[in-house]
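For reference, the structure discussed in these notes is given below.
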Amino acid sequence: MTASVILSNFSGAPQLLLNWLGACNGEEQEAIIQLREKILSFDERIQEEIEGTNTIRYSRGKSKPVAEICYQRTKSKLAVFLWLPTPTSRRKEVIGRIRLWLNGQIVTNVGHIPEGMGKMKLESEWNAMPREKRPGNYYHQKYLPLHAGIYNNFLQQNFQNPVLLEALVDLALTKWLVRI
């Protein structure tokens, strides 16, 4: 299915999101559309709120978010965030704002970014950046996201299995329901 066909079948979305989706390929568009539909159909208390010109938040008020879609104007890319257990929380589960790097429906990498876009980038993005523009120690853990397989523990599946966006959305919605 082409990108224009996907967008033409996508009604009810804010114009802002439709504009952003124009910068995505067909697989990315489909993944974002399915994410939005799943979240909005899960519970009537979840609202879609536009914040400024680069963020759409899915939440029950300001204090109970489940997801965010942000647009990076400088890169013309969407960034997806879900409120999930942080990958490093071991003894006590801590819910945090987790950025997802997507390849269509597959989540390739994840990173805990409490606010904004953060400085975290994929290794390929760091390698493409001129050395003089990189922070001093860019290979430090806070700058590199984790492999998405870390969530296979939460999803009770083998580390080698691909992590699907739908599974992490289900996990985020389950955790959201417990928090409200």
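Brief remarks on what is shown
- Cross-chain or 6+ apart pairs with Cβ under 6 Å, segment 163-180 first and free of Cβ contacts under 8 Å to residues at least 40 places away in the same chain, then assigned to a helix (DSSP H, G or I) and surrounded by 13 or more Cβ atoms within 10 Å (Cβ to Cβ): A167/L155
- Counting the residues of segment 59-70 that are open to solvent by less than 30 Å² (accessible area, probe 1.4 Å) and in contact (Cβ under 8 Å) with a residue 24 or more places away in the chain gives 6.
- When T53 is tested against (1) touching a strand residue (DSSP E or B) at 6+ places or on another chain (Cβ under 6 Å); (2) at pLDDT 85 or above, only condition (1) is not met.
- Residue in segment 76-88 that is within 14 Å of Y151 (Cβ to Cβ) and surrounded by fewer than 14 Cβ atoms within 10 Å (Cβ to Cβ) present: yes
- All positions within segment 13-32 that are out of contact with any Gly (no Cβ under 9 Å at 6 or more places or on another chain) and buried (at least 18 other Cβ atoms within 10 Å of the Cβ): A13, L17, W20, L21, C24, I32
- Single residue of K133, K121 found to be over 30 Å from R45 (Cβ atoms), crowded, with 19+ Cβ neighbours inside 10 Å and either at pLDDT 85 or above or charged (D, E, K, R) (or both): K121
- Selection status of T88, in a loop (DSSP other than H, G, I, E, B) and either in contact (Cβ under 8 Å) with a residue 40 or more places away in the chain or touching a Leu at 6+ places or on another chain (Cβ under 8 Å) (or both): no
The values are calculated or read from the model by the stated rules, or taken from the named source; none is laboratory data. Keep in mind it's a predicted model, so treat the numbers as computed, not measured. Cβ atoms come from the backbone with ideal geometry, glycine included; neighbour counts cover every protein chain shown. Heavy atoms of the whole protein, side chains included, go into the accessibility calculation; ligands, DNA and RNA do not. Shrake-Rupley method; radii C 1.70, N 1.55, O 1.52, S 1.80 Å.
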